[in-house]
1. Of everything in the stretch 384-398 that's touching a residue at least 12 places away in the same chain (Cβ under 8 Å) and in a helix (DSSP H, G or I), which residue is surrounded by the fewest Cβ atoms within 10 Å (Cβ to Cβ)?
2. When the residues of the stretch 171-214 are narrowed to those that are among the charged types (D, E, K, R) and farther than 27 Å from D78 by Cβ, which ends up surrounded by the fewest Cβ atoms within 10 Å (Cβ to Cβ)?
3. Restricting to the stretch 347-363, what's the tally of residues that are among the polar types (S, T, N, Q) and not in a helix (DSSP H, G or I)?
4. Please state which of the following conditions D337 fails to meet, knowing it meets all the rest: (1) closer than 28 Å to Q38 by Cβ; (2) outside any helix (DSSP H, G or I).
5. Out of the residues in the stretch 11-34 meeting the condition of being closer than 19 Å to S349 by Cα and in a helix (DSSP H, G or I), tell me which one is farthest from the chain's Cα centre (by Cα).
6. L269 fails exactly one of the following numbered conditions: (1) more than 30 Å from L326 (Cα to Cα); (2) surrounded by fewer than 18 Cβ atoms within 10 Å (Cβ to Cβ); (3) under 25 Å from the mean Cα position of the chain (by Cα); (4) not polar (S, T, N, Q). What is the number of that condition?
7. Can you name every residue in the stretch 153-170 that is farther than 22 Å from V230 by Cα and crowded, with 19+ Cβ neighbours inside 10 Å?
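The values are calculated or read from the model by the stated rules, or taken from the named source; none is laboratory data. Predicted model, so just to flag it, every value in this text is computed and none were measured. Because the Cβ atoms are built from the backbone with ideal geometry, glycine has one as well, and the counts that use them run over all protein chains shown.
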Amino acid sequence: MATDWAALRSQYPITDRCVYLNTGWAGPSSREVVRVMQERAEREAFEGPTSPHVRYEKAVLVERIKSAIARLIGADDDELALIYTTTEGMNTIVRGLRLGASDEVLVSNLEHNAVMVPAYMAREREGIGVAIARLRMNEDEQGIIDAFDAAITDRTRLVMLSHVSWNRGTRLPLREICDLAHARGALVAVDGAQSAGHIAFDVNELGCDFLALPAHKWLLGPAGAAFLYVRRDHIERLDPLAVVHGANRRYDFEGHFEYASDTIRKFELTTHSGPVLAGLEVALWELQAIGIDEVERRCRALGSRFTDAVAGITGVRVTSHTDAPLRTGIVTFEIADHDPSRVCAALWSLDRIVARVCNDRRVRVCFHVFNDESDVERTLAAVRNIAEHGLPGGTPSAEEYKSRLLEAVD
């Protein structure tokens, strides 16, 4: 049965207020997600968060959510830890493998700071080498594979990369990259921030060893929860960043302690938000009702519609990959020599379009299932206006726009 996209769109209040194209930063919530979060907050506040029945409900909720995420990505429940952010997960991987000065981590020039900064800090602290695979804007799928093949060395112990790049929307050929890495003795850690809830994938089919993903982007859940997948045979070799009861098999006050090194629970800390978890469960139900394959088709269709049309506007340069296997619902572009921060400010002032800047070089827009063709057309019209007539009067400077966002604090 075909999805009624108009009916689905009506469930997201954001669509009445603006053209929201920044799901890659944080996705909006549906009315039902907000309702359930409010309901859970009241239940915990009015009846007591640790009253037996309320506490039991939350414990069961955690297990249901972990099972739902495991099904979504093709993992087993005991390979998945509930954490707080994707960045926490990537830090856990690069620090927890106990790499040393003779080892090297390979990243690429498409990476988010959630990959780059942990890799560089590992270099600062442990002397680990950091190598960078250089990817161009116009290579095809085989070209990307070849670039990673050339960059992997005998020192490479870990490849850290995004499944879908945040700054170009490129869907990397992960299966092939994982095969290359494993053939050379390296492990692969994947940042799934831009793919989970956006495209269909199975961690076993990808062949990755680790993957971290957030709740608040393409899954359209609230902020404050994320997940770390560790392939079962790697759990014992990976150390957690911080530990609490999940890392303990037994201890006493006589100095005895037994480390639970073989359980995924060692990566989980305490005190997750009940309202966040309740809202996330509903968000997962809503995506499941559509079907992740259908979600991917919709995102790609809207993204391609925008890409193909915006590329025809004089003065606009598309910086996303146009090769079909690499396309996603994320599109990046530049307009003449206009500063991208000022372009984002102008898009907002012209038609309340929410976009973002990537690497201080390009504008990014993201299309999800609550978006529709009217969002594409309104954005195209605003881009055409800027390309033909320049930035509208009163557009703030790049510095003013950045200061309004206070981007560094989120």
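1. E388
2. Taking the stretch 171-214 and keeping what is among the charged types (D, E, K, R), we get 171, 175-176, 179, 184, 191, 202, 205, 209.
With the extra rule that they be farther than 27 Å from D78 by Cβ, the set shrinks to 171, 176, 184.
Values: R171: 26, E176: 18, R184: 15.
Of everything passing the filter in the stretch 171-214, R184 is surrounded by the fewest Cβ atoms within 10 Å (Cβ to Cβ).
3. Filtering the stretch 347-363 for residues among the polar types (S, T, N, Q) gives 349, 359.
Those still in the list that are not in a helix (DSSP H, G or I) too: 359.
Here the count works out to 1.
4. Condition not satisfied by D337: (1).
5. The first filter runs over the stretch 11-34 and keeps only residues closer than 19 Å to S349 by Cα, leaving 14-22.
Narrowing the set further to residues that are in a helix (DSSP H, G or I) leaves 14-16.
Values: I14: 20, T15: 22, D16: 25 Å.
For the stretch 11-34, the residue satisfying everything is D16.
6. Tallying (1) more than 30 Å from L326 (Cα to Cα); (2) surrounded by fewer than 18 Cβ atoms within 10 Å (Cβ to Cβ); (3) under 25 Å from the mean Cα position of the chain (by Cα); (4) not polar (S, T, N, Q), L269 fails exactly one: (2).
7. Residues of the stretch 153-170 that are farther than 22 Å from V230 by Cα, as a first pass: 153-155, 166-170.
The answer is W166, N167, R168, G169, T170.
Residues checked against (1) within 16 Å of the chain's Cα centre (by Cα); (2) in a helix (DSSP H, G or I); (3) of a type in the set (S, T, N, Q):
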position: E42; (1), (2), (3): no, yes, no
position: A45; (1), (2), (3): no, yes, no
position: P49; (1), (2), (3): no, no, no
position: V60; (1), (2), (3): no, yes, no
position: A68; (1), (2), (3): no, yes, no
position: R71; (1), (2), (3): no, yes, no
position: E111; (1), (2), (3): yes, no, no
position: M121; (1), (2), (3): no, yes, no
